[in-house]
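Accompanying notes for the structure given below.
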Amino acid sequence: MCVSDDLAAHVPADAFEAADLKRIRAFVAAHDRPFDRETLEGHLTASAVIVAANGSRVLLVHHRRLDRWLQPGGHGEPGEVEGWLVALREALEETGVVGLVRHAARPGLLDVDVHRIPARGDVLAHDHLDLRYLFTAPPDATLQRCAEETRDARWFTWEELATVDLDPAARRMFGKAQAIVEDGRAR
């Protein structure tokens, strides 16, 4: 499934996500290479919400440059065109977890978000149009964080996640993930 198909099938959770989804759909329609970092106004990025095999925990990385806990994710590489593959590659690079699979109950997009990245050095301020996917880690998942990009990587229970400083869009995204996991356990 390509990015356009993922976006067409996605149902937003609230008005904020609906506005971001509309903007991302228009951006993808207007750009042949939406992951291209050279696009001045912004570009697609992709992230992975990783839940433990038993659904009890979620994996976060402490981003070195932003100095905060986030889901793993980042930029597409030249030639990459599928958001879930970008998210999967970034998750492997940042956490070292091998064997991640798209969550059976939500193989498409989990969430979308547009956020502004401030200017830094020669890079102008721009937008990240983030595509967020839900993945399940294998039962024997071993963490090996990327020291270059992250200060730490660790599992948080859903209860612990409530104490982490997250923006409203991240709270919405993790809330969706938790509901999917809990719905799966209830069956």
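The values are calculated or read from the model by the stated rules, or taken from the named source; none is laboratory data. Values in this document were obtained by computation on a predicted structure and should not be read as measured data. Don't worry about glycine lacking a Cβ; one is built from the backbone with ideal geometry, like all the others, and counts go over all protein chains shown.
I'm checking my understanding of the structure. Among residues of the range 87-96 that are surrounded by 21 or more Cβ atoms within 10 Å (Cβ to Cβ) and out of contact with any Leu (no Cβ under 8 Å at 6 or more places or on another chain), which one is farthest from V28 (Cα to Cα)?
Across the range 87-96, the extreme among qualifying residues is E94.
If you go through the range 31-39 one residue at a time, do you hit one that is of a type in the set (V, I, T) and assigned to a strand (DSSP E or B)?
For the range 31-39, residues of a type in the set (V, I, T) and assigned to a strand (DSSP E or B): absent.
Just for the range 172-187: of the residues that are at pLDDT 95 or above and either among the small types (G, A, S) or surrounded by fewer than 13 Cβ atoms within 10 Å (Cβ to Cβ) (or both), which one is nearest to A9 (Cα to Cα)?
Per the criteria, the residue is A177.
Name the single residue, out of those in the range 100-149 being of a type in the set (S, T, Y) and within 16 Å of A87 (Cα to Cα), that is surrounded by the fewest Cβ atoms within 10 Å (Cβ to Cβ).
Per the criteria, the residue is T136.
Of all residues in the range 59-69, how many are surrounded by fewer than 24 Cβ atoms within 10 Å (Cβ to Cβ), part of a strand (DSSP E or B) and either touching a Ser or Thr at 6+ places or on another chain (Cβ under 8 Å) or not hydrophobic (A, V, I, L, M, F, W, C) (or both)?
3
Working only within the range 41-62, note down all residues that are more than 25 Å from V81 (Cβ to Cβ) and of a type outside the set (A, V, I, L, M).
N54, G55, S56, R57, H62 - these are the residues of the range 41-62 that are more than 25 Å from V81 (Cβ to Cβ) and of a type outside the set (A, V, I, L, M).
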